[in-house]
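Undergrad: The structure is given below, and queries will be raised subsequently.
Every number here is computed from the coordinates shown, using simple stated rules; none is lab data. Everything quoted here is computed from the prediction, not taken from an experiment.
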Amino acid sequence: MLVNEIIGSFGKYHYILCFIVFVNKVGVAFQQMSIIFLAPPVRYHCPDSNATCCDNPIYDRSKYTRTIITEWNLICDRDWLKDLTQTAFQFGVLIGSLVFGILSDK
């Protein structure tokens, strides 16, 4: 026996429901991928020396004027903080999905 015979065919209600869900999920996709725009690779140089790491770098702002990298100096030994922001966000999505998924089923 086919599933469609058991539950019925895909009707107008299903199309409307899918449309509502898809419209809501478009914003989530932009939020999930926001780290690409918040922390793109930014060029910089150190003013006092030829070192690759320094406390007061000069950022190339020709392409990106403000990013989390330039605001919080997420270079060299602080580079891992950039990845931590995405990890924390995804962990929040995981916990939120579990908690609110269970609550919505109640």
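Undergrad: Hey, what's the Cα Rg ratio for the chain versus the globular rule of thumb, 2.2 N^0.38 Å?
TA: Relative to the rule-of-thumb radius for its length, the chain sits at 1.75.
Undergrad: A further question on this structure: Just from its helices, what would the mean residue ellipticity at 222 nm be for the chain, if runs of 4 or more DSSP H residues each count -39500 (n - 2.57) and the sum is divided by every residue, rounded to the nearest 500 deg cm²/dmol?
TA: Working: 5 runs with 61 residues, N = 106.
Value at 222 nm, helices only, nearest 500: -18000 deg cm²/dmol.
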